[in-house]
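Undergrad: Pasting a structure here, questions to come.
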Amino acid sequence: MSEAIRILIVEDHAVVRQGLVALLNTVPEFSVVAQAADGELGLTLFREHQPDVTLMDLRLPKQNGVETIGKIRAEFPEARIIVLTTFDGDEDIYRALQAGAKGYLLKGMDGDVLMEAIRAVHAGKSRVPATVAERLAGRLSGPVLTERETDVLKQIVLGRSNKEIGMALFISEATVKTHINNLLGKLGVSDRTQAATTALQRGIVHLD
């Protein structure tokens with residue numbers, strides 16, 4: 001009999017984490033070797049256990065999932081990580097896969113889908129459901145916001161005026177207006193309210 005697939009779970013919600021442990025422990029070929037409630041501990045436990053597959057949430061205390069994935073992959077390039085999250089915004093998906101995740105699953109999926117993904121990723125494959133892949137394709141084909149446009153968008157989401165944005169970012173109001181016009185066009189929206197809504201829906205900005 002082959003060795004069990006050793007799994008690390010990084011998830012801040014105790015009920016979800018315990019549910020995952022209970023589910024995976026029903027499968028003889030899986031072994032949950034460690035669990036963490038925040039990103040920093042997740043990195044520490046990865047170094048300690050070097051699991052075969054890691055299940056990682058995106059919104060985590062102390063260090064978010066994308067940062068944690070990036071740090072793990074920098075030290076362990078062969079690390080096999082599956083994002084398991086409620087966030088389905090195209091920017092969330094893009095950032096996670098860019099950081100090195102091999103799979104991206106939404107928490108509403110069936111247990112069988114999760115188990116199949118763990119086996120596939122352990123075998124060196126990727127697992128991104130069709131709906132997630134569709135969103136990612138939209139992100140890759142659309143116009144990309146510059147870093148400064150993203151900074152301005154974050155300020156818009158916080159409800160700040162052009163003057164306040166200019167003061168916060170040390171740029172003139174005229175420059176703020178230019179950035180806003182550009183980002184409205186790229187997002188395909190007509191006003192600031194729509195821009196803020198779109199930014200949150202797509203995961204470009206998060207209200208942590």
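The values are calculated or read from the model by the stated rules, or taken from the named source; none is laboratory data. Just so it is clear, the model here is predicted, and its values are computed rather than measured. Note that each Cβ is placed from the backbone with ideal geometry, even for glycine, and that neighbours are counted across all protein chains shown. Only protein heavy atoms, including side chains, enter the accessible area calculation; ligands, DNA and RNA are left aside. Shrake-Rupley method; radii C 1.70, N 1.55, O 1.52, S 1.80 Å.
Undergrad: Restricting to segment 121-137, give me the number of residues that are basic (Lys, Arg) and assigned to a helix (DSSP H, G or I).
TA: Within segment 121-137, residues that are basic (Lys, Arg) and assigned to a helix (DSSP H, G or I) number 1.
Undergrad: Look through Ile93, Ile118 and report the one residue that is touching a residue at least 12 places away in the same chain (Cβ under 8 Å), open to solvent by less than 20 Å² (accessible area, probe 1.4 Å), under 17 Å from Leu200 (Cα atoms) and part of a helix (DSSP H, G or I).
TA: Ile93
Undergrad: Also, I was wondering about something else. Which residues, taken from segment 59-117, are touching a strand residue (DSSP E or B) at 6+ places or on another chain (Cβ under 8 Å) and acidic (Asp, Glu)?
TA: Hits for segment 59-117 are Asp88, Asp92, Glu116.
Undergrad: Could you tell me whether Thr86 is within 10 Å of the chain's Cα centre (by Cα), polar (S, T, N, Q) and surrounded by fewer than 19 Cβ atoms within 10 Å (Cβ to Cβ)?
TA: yes
Undergrad: Moving on. Could you tell me which residue of segment 51-63 is surrounded by the most Cβ atoms within 10 Å (Cβ to Cβ), considering only residues that are assigned to a loop (DSSP other than H, G, I, E, B) and in contact (Cβ under 8 Å) with a residue 40 or more places away in the chain?
TA: Asp57
Undergrad: Just to be sure, is Ala22 closer than 17 Å to Lys107 by Cβ, part of a helix (DSSP H, G or I), open to solvent by 20 Å² or more (accessible area, probe 1.4 Å) and not charged (D, E, K, R)?
TA: So Ala22 passes the test.
Undergrad: If you don't mind, another one. Run down Thr198, Thr146, Thr175, Thr131 and say which single residue is surrounded by 15 or more Cβ atoms within 10 Å (Cβ to Cβ), under 20 Å from the mean Cα position of the chain (by Cα) and among the hydroxyl-bearing types (Ser, Thr, Tyr).
TA: Exactly one residue qualifies, and that residue is Thr198.
Undergrad: Further, regarding this structure: Residues being surrounded by fewer than 19 Cβ atoms within 10 Å (Cβ to Cβ) and either of a type in the set (S, T, N, Q) or within 22 Å of Ile5 (Cα to Cα) (or both): count how many of those fall in segment 30-40.
TA: The qualifying residues number 4.
Undergrad: Next question, about the same structure. Among the residues that make up segment 37-49, is at least one of them in a loop (DSSP other than H, G, I, E, B) and under 23 Å from Pro129 (Cβ atoms)?
TA: Looking through segment 37-49, none of the residues is in a loop (DSSP other than H, G, I, E, B) and under 23 Å from Pro129 (Cβ atoms).
Undergrad: Mind checking whether some residue in segment 34-55 is in contact with a helix residue (DSSP H, G or I) (Cβ under 9 Å, 6 or more places away or on another chain) and basic (Lys, Arg)?
TA: Scanning segment 34-55, I find at least one residue that is in contact with a helix residue (DSSP H, G or I) (Cβ under 9 Å, 6 or more places away or on another chain) and basic (Lys, Arg), so the answer is yes.
Undergrad: Considering Leu183, Leu140, which residue is surrounded by fewer than 13 Cβ atoms within 10 Å (Cβ to Cβ), assigned to a helix (DSSP H, G or I) and not basic (Lys, Arg)?
TA: Leu140
Undergrad: So is Val157 crowded, with 17+ Cβ neighbours inside 10 Å and either within 30 Å of Asp52 (Cβ to Cβ) or within 13 Å of the chain's Cα centre (by Cα) (or both) or not?
TA: Taking the combined requirement at face value, the residue does not satisfy it.
Undergrad: Something else about it: Give me the pairs, please: first residue somewhere in segment 101-114 and over 15 Å from Val66 (Cα atoms) and in contact (Cβ under 8 Å) with a residue 40 or more places away in the chain, second residue anywhere and open to solvent by 60 Å² or more (accessible area, probe 1.4 Å) and among the hydroxyl-bearing types (Ser, Thr, Tyr), beta-carbon distance under 6 Å, and either six or more positions apart or on two chains.
TA: Here the result reads Lys107/Thr86, each pair linking segment 101-114 to a residue that is open to solvent by 60 Å² or more (accessible area, probe 1.4 Å) and among the hydroxyl-bearing types (Ser, Thr, Tyr).
Undergrad: Here's something else I'd like to know. For segment 5-19, which residues satisfy the criterion of being open to solvent by less than 40 Å² (accessible area, probe 1.4 Å) and in a loop (DSSP other than H, G, I, E, B)?
TA: Within segment 5-19, Glu11 is the sole residue that qualifies.
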